[in-house]
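Asker: Structure in structure tokens, see below.
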Amino acid sequence: MTTGAVVITGVSTGIGLGCARAFVSRGYRVYGSVRKAEDGERVAAELGDGFRPVVFDITDEDAVVDAARWVERDLGGLPLLGVVNNAGIATSGPLMIQPLDEIRQQFEVNVIGQLVVTRAFLPLLQAAPSARIMMMSSVGGKVSGPFLGAYSASKHALEGMSDALRRELMLFDIDVIVIGPGTVASAIWDKPSANDVDGVVGTPYEASAKAMQVFAVTRGKNGESIDRFGRMVLGAFEARRPKARYAFVKGKLKNWILPRVLPPRWVDRIIGKRFGLSAS
């Protein structure tokens, strides 16, 4: 059993919930962020005494700072060994059509929000031995697909920020580790919303966007389970000499290695043919 605590953001469902389960089962005290109190109560009922819900939105700086103060009091001398910055959002749409306010919000949550949380909990991490910060990126942090431009751009930004942060926090013996998941199976894939393509109906992108939606839902339902993914994140967190970045991707050759090693124009042609994006 482990004597220490971690903060995990966005634990109500999906990856965050899988991580919370893995860390609690390992003996960590988990402070899990949720935006709704009832979600925190539900997760606490499942995970028991090893889980403490904390209610805040990562874009609300005052709320995050207040939460960090509450965690400090609740720790009672227990070291905060890490923060798993998991909370995030994914918006979709062609970059030439997607509303700019939606794109700004994508960056506010996926980049600025991660920095807000990290700053708030940094003093507690500094007081612990060799603390670690896990940044939840995505395959999209390295490989950009059509209709996910804003999301991919936010994850590219997160990865750049994480590299800089890792080097800056060497001064305090705090490591920063990027996790790049592929698709993870969760309830969201059971509810493909027509709203996902409403913004492109009647535009040249309509057919391609619908094809992309079908592809994403099919791949998502066959993604990694949240519990197995949580255990992989735990393994990276506890590694004696962790990598700077982990890619946890099913079908790694096709979905991760080839898109990164093939010439970009080849990848363009493959994607264009697959989703009907070629002009000719």
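The values are calculated or read from the model by the stated rules, or taken from the named source; none is laboratory data. Predicted model, so just to flag it, every value in this text is computed and none were measured. Here Cβ is always computed from backbone atoms with ideal geometry, including for glycine, and neighbour counts include all displayed protein chains.
Yes/no matrix, rows are residues, columns are (1) under 14 Å from PRO181 (Cα atoms); (2) surrounded by fewer than 18 Cβ atoms within 10 Å (Cβ to Cβ); (3) among the hydroxyl-bearing types (Ser, Thr, Tyr); (4) out of contact with any Lys or Arg (no Cβ under 8 Å at 6 or more places or on another chain):
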residue: TYR205; (1), (2), (3), (4): no, no, yes, yes
residue: THR218; (1), (2), (3), (4): no, yes, yes, yes
residue: GLY223; (1), (2), (3), (4): yes, no, no, no
residue: LYS252; (1), (2), (3), (4): yes, yes, no, yes
residue: PRO259; (1), (2), (3), (4): no, no, no, yes
residue: ARG265; (1), (2), (3), (4): no, yes, no, yes
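Asker: All but one of (1) among the polar types (S, T, N, Q); (2) assigned to a helix (DSSP H, G or I); (3) surrounded by fewer than 22 Cβ atoms within 10 Å (Cβ to Cβ) hold for ASN110; state the number of the condition that does not hold.
Answerer: (3)
Asker: Checking the condition part of a loop (DSSP other than H, G, I, E, B) and touching a residue at least 12 places away in the same chain (Cβ under 8 Å), which residue from VAL178, VAL143 passes?
Answerer: Values: VAL178 fails: part of a loop (DSSP other than H, G, I, E, B).
It is VAL143.
Asker: Does the range 52-74 contain any residue that is assigned to a strand (DSSP E or B), under 21 Å from ASP227 (Cβ atoms) and modelled with pLDDT of 95 or more?
Answerer: Residues of the range 52-74 assigned to a strand (DSSP E or B): 52-55.
Applying the additional criterion that residues be under 21 Å from ASP227 (Cβ atoms) yields 52-53.
Those still in the list that are modelled with pLDDT of 95 or more too: 52-53.
Looking for residues that are assigned to a strand (DSSP E or B), under 21 Å from ASP227 (Cβ atoms) and modelled with pLDDT of 95 or more, one finds at least one in the range 52-74, hence yes.
Asker: Now for a separate question. For the list (1) buried (at least 17 other Cβ atoms within 10 Å of the Cβ); (2) within 24 Å of ALA244 (Cα to Cα); (3) within 19 Å of the chain's Cα centre (by Cα); (4) not β-branched (Val, Ile, Thr), I need the number of the one condition that ALA128 fails.
Answerer: Among (1) buried (at least 17 other Cβ atoms within 10 Å of the Cβ); (2) within 24 Å of ALA244 (Cα to Cα); (3) within 19 Å of the chain's Cα centre (by Cα); (4) not β-branched (Val, Ile, Thr), the lone unmet condition for ALA128 is (3).
Asker: In the range 202-223, how many are at negative phi, part of a loop (DSSP other than H, G, I, E, B) and either in contact with a Phe, Trp or Tyr (Cβ under 6 Å, 6 or more places away or on another chain) or at pLDDT 90 or above (or both)? Lay out the reasoning, then the answer.
Answerer: Residues of the range 202-223 that are at negative phi, as a first pass: 203-223.
Subset that is part of a loop (DSSP other than H, G, I, E, B): 203-205, 222-223.
Next, only the ones that are either in contact with a Phe, Trp or Tyr (Cβ under 6 Å, 6 or more places away or on another chain) or at pLDDT 90 or above (or both) stay: 203-205.
The total comes to 3.
Asker: Only one of these conditions is not met by ALA128: (1) part of a helix (DSSP H, G or I); (2) in contact (Cβ under 8 Å) with a residue 12 or more places away in the chain; (3) more than 20 Å from LEU158 (Cβ to Cβ). Which number is it?
Answerer: Looking at each condition in turn, ALA128 falls short on (1).
Asker: List the pairs whose first member sits in the range 242-262 and is under 17 Å from GLY160 (Cα atoms), whose second member is of a type in the set (Asp, Glu), and whose Cβ atoms are under 8 Å apart, counting only residues at least 6 apart or on separate chains?
Answerer: Taking only residues 6 or more apart or on different chains, the pairs are ALA244/ASP163; ARG245/GLU159.
Asker: Go through the residues of the range 36-47 one by one and say whether even a single one is surrounded by 16 or more Cβ atoms within 10 Å (Cβ to Cβ) and touching a residue at least 40 places away in the same chain (Cβ under 8 Å).
Answerer: no
Asker: All but one of (1) in contact with a Phe, Trp or Tyr (Cβ under 8 Å, 6 or more places away or on another chain); (2) over 30 Å from ALA211 (Cα atoms) hold for ILE58; which doesn't?
Answerer: All conditions are met except number (1).
Asker: Continuing with the same structure: Based on this model, can you work out whether SER278 counts as in contact (Cβ under 8 Å) with a residue 40 or more places away in the chain and of a type in the set (S, T, N, Q)?
Answerer: Details: in contact (Cβ under 8 Å) with a residue 40 or more places away in the chain: no; of a type in the set (S, T, N, Q): yes.
Answer is no for this residue.
Asker: Can you pull out the residues in the range 229-241 that are without any contact (Cβ under 8 Å) to a residue 12 or more places away in the chain and within 18 Å of the chain's Cα centre (by Cα)?
Answerer: GLY235
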